[in-house]
Amino acid sequence: MLITELKAKETILSLVEGKAFIINCHGCREIRFPEKEADALQQELMAAGKVTGSITTDYICNPENLKLRLEKHAAAIEAADTVLVFSCGVGVQTVAEMFSGKRVCAACDTYALPGFQGVTPLEYDCKQCGECYLNLTGGICPITACSKSLVNGQCGGSKNGKCEVDPDMDCGWERIYQRLKKIGRLDVLKCPVQVRNYATDDEVSK
Ligand code: SF4
Ligand code: SF4
C-alpha cells in the first residue's frame, strides 16, 4: 500500500517547459491517487494550451501494457517537450525507461504504507521515500539505484561505471549522469545541494 501526493502546484507548473503529454495512473487498489486535485491542475494546463494530449489508465508499472496503451498517442508524445506523470515512483521510472531520450517528470511524491507496490518484476524500484527526486535525476531513482542512496551525486568509488559496493551493479549515479546527458539536462547537476527532509520517509506510516 502506498500514497501518492501531488507536489506543490508551483513545482508542477514549473516542470512543464513548452508543452507536456500527461500520463495519469489511477493504479491498483493498493494506491491512493489524488484524482480530483490532479484533474483540476491538468484542466488549468490544458486551458493554457500547454498539453499535447493525455491518458488516464492503470498499472503503468507494466511496461508491455503501457506500450500498447500509448501506441495511439505517439504523435502527441512526440510533439511534447515533457512527459508529465501522475503516479507513484515505479510508474514514473517505467515511463522514463520507455522514453529515455525525453524529459520525463514526476508530478507526485510517494509515501509508504505497509504492503506491495507495482505488479511487474522490474529492474528498478521505489522505496516510497516521500520526497521524489526523479525530476533531478533523469527519472532514475537515486535511493534505489545507488547502493548508498546518495542524493547529491556520485561517491567517488565507482570504477568503469560499476558500483564500489557491488561490482556487478552499474553505478546509479553514472547512469543518472548518462541519462541527463542524453536528454541535454546536465545543467540540473549544477543545482545547489538539495536539503532532504528525511521526516517524510516514515511520517505517513506512523
Ligand atoms: S526518489 Fe525514488 S524512492 Fe523516493 S519516491 Fe522517487 S522513486 Fe520512490
Ligand atoms: S559507486 Fe555509484 S552506486 Fe555505488 S555507492 Fe557510489 S555513487 Fe552509489
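The values are calculated or read from the model by the stated rules, or taken from the named source; none is laboratory data. Quick caveat, the model's predicted, so the values are computed rather than measured. Note that each Cβ is placed from the backbone with ideal geometry, even for glycine, and that neighbours are counted across all protein chains shown.
Looking only at region 174-188, how many residues end up being of a type in the set (Asp, Glu) and at pLDDT 95 or above? Steps first, answer last, please.
First, the residues of region 174-188 that are of a type in the set (Asp, Glu): 174, 187.
Filter once more, keeping what is at pLDDT 95 or above: 174.
So the count comes out to 1.
I'm checking my understanding of the structure. Among residues of region 131-145 that are outside any loop (DSSP other than H, G, I, E, B) and in contact (Cβ under 8 Å) with a residue 40 or more places away in the chain, which one is surrounded by the most Cβ atoms within 10 Å (Cβ to Cβ)? Break it down stepwise before answering.
Of the residues in region 131-145, the ones outside any loop (DSSP other than H, G, I, E, B) are 134-136, 142-145.
Remaining after also requiring in contact (Cβ under 8 Å) with a residue 40 or more places away in the chain: 134-136.
On the way: Leu134: 24, Asn135: 20, Leu136: 18.
Among residues in region 131-145 that are outside any loop (DSSP other than H, G, I, E, B) and in contact (Cβ under 8 Å) with a residue 40 or more places away in the chain, the one surrounded by the most Cβ atoms within 10 Å (Cβ to Cβ) is Leu134.
Residue check: is Ala106 at pLDDT 95 or above and near ligand 1 (Cβ under 8 Å from one of its atoms)?
Numbers: at pLDDT 95 or above: yes; near ligand 1 (Cβ under 8 Å from one of its atoms): yes.
So Ala106 passes the test.
Quick check: anything in region 116-128 under 18 Å from Leu180 (Cβ atoms), of a type in the set (A, V, I, L, M, F, W, C) and away from ligand 2 (no atom under 16 Å from the Cβ)? Walk me through it before giving the result.
Pass one, region 116-128, residues under 18 Å from Leu180 (Cβ atoms): 124.
Now restrict to residues that are of a type in the set (A, V, I, L, M, F, W, C): none.
The answer is no, given that none of the residues of region 116-128 is under 18 Å from Leu180 (Cβ atoms), of a type in the set (A, V, I, L, M, F, W, C) and away from ligand 2 (no atom under 16 Å from the Cβ).
Taking Glu131 and the conditions (1) within 25 Å of Tyr59 (Cα to Cα); (2) more than 8 Å from ligand 1 (Cβ to nearest atom), which numbered condition does it fall short on, given that it satisfies the others?
Tallying (1) within 25 Å of Tyr59 (Cα to Cα); (2) more than 8 Å from ligand 1 (Cβ to nearest atom), Glu131 fails exactly one: (2).
Count, please, the residues in region 146-184 that happen to be assigned to a loop (DSSP other than H, G, I, E, B), aliphatic (A, V, I, L, M) and within 25 Å of Val104 (Cβ to Cβ).
Going residue by residue through region 146-184, those that are assigned to a loop (DSSP other than H, G, I, E, B) are 146-158, 160-161, 163-169, 171, 183-184.
If we keep only those that are aliphatic (A, V, I, L, M) too, we end up with 150-151, 165, 169, 183.
After this cut, where a residue has to be within 25 Å of Val104 (Cβ to Cβ) as well, the list is 150-151, 169, 183.
Matching residues across region 146-184 total 4.
Name the residue that is farthest from Ile3 (Cα to Cα), counting only residues in region 19-53 that are modelled with pLDDT under 85 and over 18 Å from the mean Cα position of the chain (by Cα).
Of all residues in region 19-53, those modelled with pLDDT under 85 come to 26-34.
Then keep just the ones that are over 18 Å from the mean Cα position of the chain (by Cα); that gives 29-30.
Numbers: Arg29: 11, Glu30: 8 Å.
Only one residue fits best here, namely Arg29.
Any idea which of Thr94, Thr56 is under 18 Å from the mean Cα position of the chain (by Cα) and away from ligand 1 (no atom under 16 Å from the Cβ)? Before you say what the answer is, go through the steps one by one.
Details: Thr94 fails: away from ligand 1 (no atom under 16 Å from the Cβ).
Thr56 is the lone residue from the list that is under 18 Å from the mean Cα position of the chain (by Cα) and away from ligand 1 (no atom under 16 Å from the Cβ).
For residues in region 1-53 being of a type in the set (Gly, Ala, Ser) and over 14 Å from Ala107 (Cα atoms), which is surrounded by the most Cβ atoms within 10 Å (Cβ to Cβ)?
Step one: list which residues in region 1-53 are of a type in the set (Gly, Ala, Ser), which gives 8, 14, 18, 20, 27, 38, 40, 47-49, 53.
Right, trim to over 14 Å from Ala107 (Cα atoms) and you get 18, 27, 47-49, 53.
Working: Gly18: 11, Gly27: 24, Ala47: 9, Ala48: 11, Gly49: 8, Gly53: 19.
Going through the qualifying residues, I end up with Gly27.
Pairs needed: first member in region 43-66, touching a residue at least 24 places away in the same chain (Cβ under 8 Å); second member anywhere, assigned to a strand (DSSP E or B) and of a type outside the set (A, V, I, L, M, F, W, C); C-beta distance under 9 Å; at least 6 residues apart or different chains.
Pairs that qualify, where the first residue is touching a residue at least 24 places away in the same chain (Cβ under 8 Å) and the partner is assigned to a strand (DSSP E or B) and of a type outside the set (A, V, I, L, M, F, W, C), are Ser54/Asn24; Ile55/Asn24; Thr56/Asn24; Thr57/Asn24; Ile60/Asn24; Leu66/Thr57.
Can you name every residue in region 159-200 that is in contact with a strand residue (DSSP E or B) (Cβ under 9 Å, 6 or more places away or on another chain), of a type outside the set (A, V, I, L, M, F, W, C) and more than 10 Å from ligand 2 (Cβ to nearest atom)? Before the answer, list the steps.
To start, the set of residues in region 159-200 that are in contact with a strand residue (DSSP E or B) (Cβ under 9 Å, 6 or more places away or on another chain) comprises 161-163, 167-171, 174, 183-185, 196, 198, 200.
Imposing the further condition that a residue be of a type outside the set (A, V, I, L, M, F, W, C) reduces the set to 161-162, 167-168, 170, 174, 184-185, 196, 198, 200.
Asp168, Gly184, Arg185, Arg196, Tyr198, Thr200 - these are the residues of region 159-200 that are in contact with a strand residue (DSSP E or B) (Cβ under 9 Å, 6 or more places away or on another chain), of a type outside the set (A, V, I, L, M, F, W, C) and more than 10 Å from ligand 2 (Cβ to nearest atom).
Consider Ala76 against the criteria (1) in contact with a Ser or Thr (Cβ under 6 Å, 6 or more places away or on another chain); (2) at pLDDT 95 or above; (3) surrounded by fewer than 16 Cβ atoms within 10 Å (Cβ to Cβ): it satisfies all of them except one. Which criterion is unmet?
Answer for Ala76: the failing condition is (3).
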